[in-house]
1. Within the range 38-54, can one find any residue that is open to solvent by less than 30 Å² (accessible area, probe 1.4 Å), more than 27 Å from W102 (Cβ to Cβ) and either modelled with pLDDT under 85 or out of contact with any Gly (no Cβ under 9 Å at 6 or more places or on another chain) (or both)?
2. Can you go through L16, L10, L69 and tell me which one is at pLDDT 85 or above and of a type outside the set (D, E)?
3. Kindly list, by first and then second residue, each pair from a residue in the range 9-27 that is crowded, with 16+ Cβ neighbours inside 10 Å to a residue that is modelled with pLDDT of 75 or more and not in a helix (DSSP H, G or I), limited to pairs with Cβ atoms under 8 Å and residues at least 6 apart or on different chains.
4. Can you tell me which residue in the range 53-108 is nearest to the chain's Cα centre (by Cα), limited to those that are in a helix (DSSP H, G or I) and of a type in the set (S, T, N, Q)?
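The values are calculated or read from the model by the stated rules, or taken from the named source; none is laboratory data. Nothing here was measured: the structure is a model prediction, and the numbers come from that model. Here the Cβ positions follow ideal geometry from the backbone for every residue, glycine too, while neighbour counts run over all protein chains shown. SASA here: full protein model, heavy atoms, side chains in, ligands and nucleic acids out. Shrake-Rupley method; radii C 1.70, N 1.55, O 1.52, S 1.80 Å.
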Amino acid sequence: MMLSDGLTWLGSERGLHALLAADPMLGILTVAAVVFCETGLVILPFLPGDSLLFATGAVLGAGMHSPWLAMGAVTMAAVLGDAVNYRIGRGAAGQRLLRRGWIRPVHLC
C-alpha cells in the first residue's frame, strides 16, 4: 500500500496494517502526521487520531516492534500540533474565525 493511495487507509484496519508492515518507519511517521494535523490544524479535528493510536499499538505489538519510536514520534507530533493550534488561535487567523462565528466565545477559556 502506498501513501499515494490517498487517505482510504484511515478507515481500514487492513490498510493501516499493510502500511505498517510494508514500512514501519513510514507508517509511524504517517500516524504522527495525522495526530499533528488533528491537534494542530483548527479545521481538522475530525481525523481519527485516537483510533489510529490504538490500532498502531496493536499492530506494532503483534509484530514484535518496539513501541518507543512510535510513542516518541506521536508525542512530539501532539505537542507540536498543540503549539501550532495555540499560535493560530492567538493570531489573526484565530480572530477571523471568531468574527465569522466558527468558534463561539463561550467555548473560549
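1. no
2. Numbers: L16 fails: at pLDDT 85 or above; L10 fails: at pLDDT 85 or above.
L69 is the lone residue from the list that is at pLDDT 85 or above and of a type outside the set (D, E).
3. Filtered contacts from the range 9-27: P24/H65.
4. The initial filter retains those residues of the range 53-108 that are in a helix (DSSP H, G or I), namely 53-62, 68-90, 92-99, 105-107.
Narrowing further to those that are of a type in the set (S, T, N, Q): 56, 75, 85, 95.
Details: T56: 12, T75: 10, N85: 13, Q95: 24 Å.
Of everything passing the filter in the range 53-108, T75 is nearest to the chain's Cα centre (by Cα).
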